[in-house]
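Just below is one structure, and these are the notes that go with it.
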Ligand code: GUN
């Protein structure tokens, strides 16, 4: 029996269509077009690709994107001044600072400067606090996307054992909070976790977000488990071509109930959730 493949690309497409409909409704009913400011500092090739995709999807959904490209030499003060300007701009409903930032910039200070109401990445401490207390706010995009994918195969999370591999602020910690809200039993593991394969084998759901190619092997996965693969690592093959691989050895997971592919699983959902967060921010902004 093959595991079900959770088609993130198709689900992201559906969410993008729903978002486009919500954008149009907001325009007609309230005369407001959601606007997303995207700030790219320097010219990291991967960041260029991600930013390009985000802007292209905004355009398709009818969201106004406002692009700010700054040189890698930009000072922290200049970057903070730009954020102040965007916070005060009533046509900007969401602000995204593409990470990573250059070493001379304090990323924490920069992210803290974004108005929590415009923090569509959900990285501001106010939104992190809201998520951990289950009191609303903007939720980070990748964890939101993971929940949409999981919801397509799981009705009731109560009491299910979930093992999250990776404790990052962007994925591991926030997705754990969302799963706790659903009353799953969540174990967050990381590089220092002992006997990780044994821990993983107890899981009904595995969320692999370690950034370690093919870390999760077939024997780590209980028959019938659901596996969400958040890894995206670019590797070079023997023939010199590069390809993207996930954190899971998916070819060893036929005994799983359902798995997400890489690419085409979590990745497309992240951008779709960024746009839905932008519409949410625009919907709650002052008139
Ligand atoms: N760089 C890698 N992932 C992300 C993300 O989710 N948001 C931002 N702003 N930058 C990133």
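Quick look at the values:
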{"quantity": "Single residue of 67, 91, 78 found to be without any contact (Cβ under 8 Å) to a residue 12 or more places away in the chain, touching a strand residue (DSSP E or B) at 6+ places or on another chain (Cβ under 9 Å) and either more than 16 Å from the ligand (Cβ to nearest atom) or closer than 19 Å to residue 55 by Cβ (or both)", "calculated": "78"}
{"quantity": "Among the candidates 39, 49, residue that is surrounded by fewer than 13 Cβ atoms within 10 Å (Cβ to Cβ), under 26 Å from residue 20 (Cα atoms) and either under 20 Å from the mean Cα position of the chain (by Cα) or within 15 Å of the ligand (Cβ to nearest atom) (or both)", "calculated": "49"}
{"quantity": "Flag if residue 178 is part of a loop (DSSP other than H, G, I, E, B) and either in the same structural domain as residue 98 (by TED's automatic domain parsing) or within 15 Å of residue 270 (Cβ to Cβ) (or both)", "calculated": "no"}
{"quantity": "Filter result (buried (at least 21 other Cβ atoms within 10 Å of the Cβ), farther than 30 Å from residue 118 by Cβ and under 23 Å from the mean Cα position of the chain (by Cα)) within the range 235-287", "calculated": "246, 247, 248, 250, 259, 262"}
{"quantity": "Within the range 108-140, tally of residues that are more than 17 Å from the chain's Cα centre (by Cα), within 15 Å of the ligand (Cβ to nearest atom) and closer than 13 Å to residue 169 by Cα", "calculated": "1"}
{"quantity": "Residue list for the range 1-12, filter: surrounded by 13 or more Cβ atoms within 10 Å (Cβ to Cβ) and either part of a loop (DSSP other than H, G, I, E, B) or within 17 Å of the chain's Cα centre (by Cα) (or both)", "calculated": "3, 6, 7, 8, 9, 11, 12"}
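The values are calculated or read from the model by the stated rules, or taken from the named source; none is laboratory data. Keep in mind it's a predicted model, so treat the numbers as computed, not measured. Ideal geometry is used to build each Cβ from the backbone, glycine not excepted, and the neighbour counts take in all protein chains shown.
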